[in-house]
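Read through the structure below, which is laid out as structure tokens, and then see the notes.
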Amino acid sequence: MIIAIDGPAGSGKSTVAKRVARSLGFSYLDTGAMYRAVTYSALANGLDITDAQAVAGIAETQTIEFGYKLGESLPSSVFIDGEDVTDLIRTPLVDAHVSTVSSYPEVRAALVSQQRRFGMAHDTVMEGRDIGTAVFPQAELKIFLTAQPEVRARRRVKQNISRKAQTAVEYAVIDNTDEQQVLEEILRRDQEDESREVSPLVAAEDSIEIDSTEISIGKVIARIVKLAQAIVEQDADAKVKTQEDVGSSASSTSSASSTSSASSAVEPTDARRPEGLMR
Ligand code: DC
């Protein structure tokens with residue numbers, strides 16, 4: 001099962017997605033971290049960020065992996081080509097260029113195929129901008145999370161302070177602990193993400209929109225968990241019904257073929273290991 005959580009920067013997606021995943025025992029994939037990792041690597045390798053082909057080469061050839069602490073079900077670190085970039089992908093410099101990088105169709109194609117592989121192998125809460133519209137349009141539950149820009153900027157600043165992401169002077173494109181500067185950066189990024197040609201940030205038609213400006217993140221999480229549990233229960237009921245239907249047709253037809261179709265109807269699909277993504 002896929003739960004898609006899309007929305008603009010600072011809407012609370014990461015907090016919500018991680019806690020929903022933990023409550024349900026699902027895996028979690030932060031697709032924004034993947035675009036950030038490619039952006040970081042392009043900058044670190046001295047590539048011209050406006051050179052789409054060169055940047056796409058990074059997305060196509062370098063391996064993005066997520067690291068898990070022992071006993072933890074959610075990832076706590078991000079690697080690209082073996083380098084731990086967990087903090088390095090959260091700098092203002094990466095913020096400033098990630099929308100450009102994520103507007104390149106070749107970059108998106110490379111990352112989307114990895115995201116699909118991951119989602120096909122796990123029950124996943126996947127957060128991003130285009131999960132419900134492009135990566136998993138068939139996701140069982142789609143949430144579009146929003147909040148007023150000022151509230152999003154305040155949350156982002158709090159997050160930046162706690163991450164101590166503003167590490168080096170050369171990264172200081174903006175002061176990411178200054179609310180006004182972060183607000184301007186968020187509005188710029190929203191605009192770029194919404195106006196790009198490929199998979200722009202837009203709510204899927206069948207998504208449930210939740211505005212978290214006035215409601216607590218705790219309430220948002222509780223609502224999503226409840227919606228997901230209702231779907232899981234519906235699926236379980238449908239499976240039992242399928243088993244009963246197959247069982248009754250099996251007893252009324254010849255044994256060999258109906259036994260195999262019965263087992264294929266109830267057995268989970270083969271859980272393939274995603275390439276490049278640990279877990
Ligand atoms: O969620 P985030 O702020 O870490 O995402 C960083 C950028 O990556 C965001 O500005 C747009 C891009 N992105 C995207 O285009 N598609 C996604 N599925 C996730 C992120």
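At a glance:
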quantity: Sorted by Cβ neighbour density within 10 Å, fewest at the top, the residues Leu141, Leu187; calculated: Leu187, Leu141
quantity: Alpha-carbon radius of gyration plus Dmax, which is the widest Cα pair, for the range 83-197 in Å; calculated: 15.5, 44
quantity: Cross-link pairs Lys69/Lys219; Lys13/Lys226; Lys18/Lys69 - those with Cα-Cα distance over 21 Å; calculated: Lys69/Lys219
quantity: Convex hull of Cα atoms in the range 1-118, direction-averaged projection (nm²); calculated: 7.3
quantity: Tyr104, Tyr35 arranged by Cβ crowding within 10 Å, fewest neighbours leading; calculated: Tyr104, Tyr35
quantity: Computed FRET value (nearest 0.05) for Asp84 with Ala54, which takes r as the C-beta separation and R₀ as 22 Å; calculated: 0.40
quantity: Linear extension gain, Glu194 paired with Leu70, 0.36 nm per residue minus alpha-carbon span; calculated: 40.8 nm
quantity: Formal net charge of residues neighbouring Val182 (Cβ-Cβ distance under 11 Å; K, R +1; D, E -1); calculated: 0
quantity: The range 2-223, relative contact order [Cα under 8 Å, separation at least 6], %; calculated: 32
quantity: Only Lys, Arg (+1) and Asp, Glu (-1) charged, at Cβ; the range 180-246 dipole about Cα centre in debye; calculated: 320
quantity: Stokes-Einstein D in µm²/s, Kirkwood radius over Cα pairs - the range 2-223 at 10 °C with 1.306 mPa s viscosity; calculated: 91
quantity: Antiparallel bridges, percent of DSSP beta bridges restricted to the range 2-223 (to nearest 5); calculated: 25
quantity: Stretchable slack from Glu244 to Val202, in nm (0.36 nm times residue separation minus alpha-carbon distance); calculated: 11.0 nm
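Values quoted throughout were computed directly from the atomic coordinates according to the rules given, and no laboratory measurement underlies them. Note that the structure is a prediction, hence the values are computed from the model and not measured. All Cβ positions, even for glycine, are placed from backbone atoms using ideal geometry, and neighbour counts span all protein chains on display.
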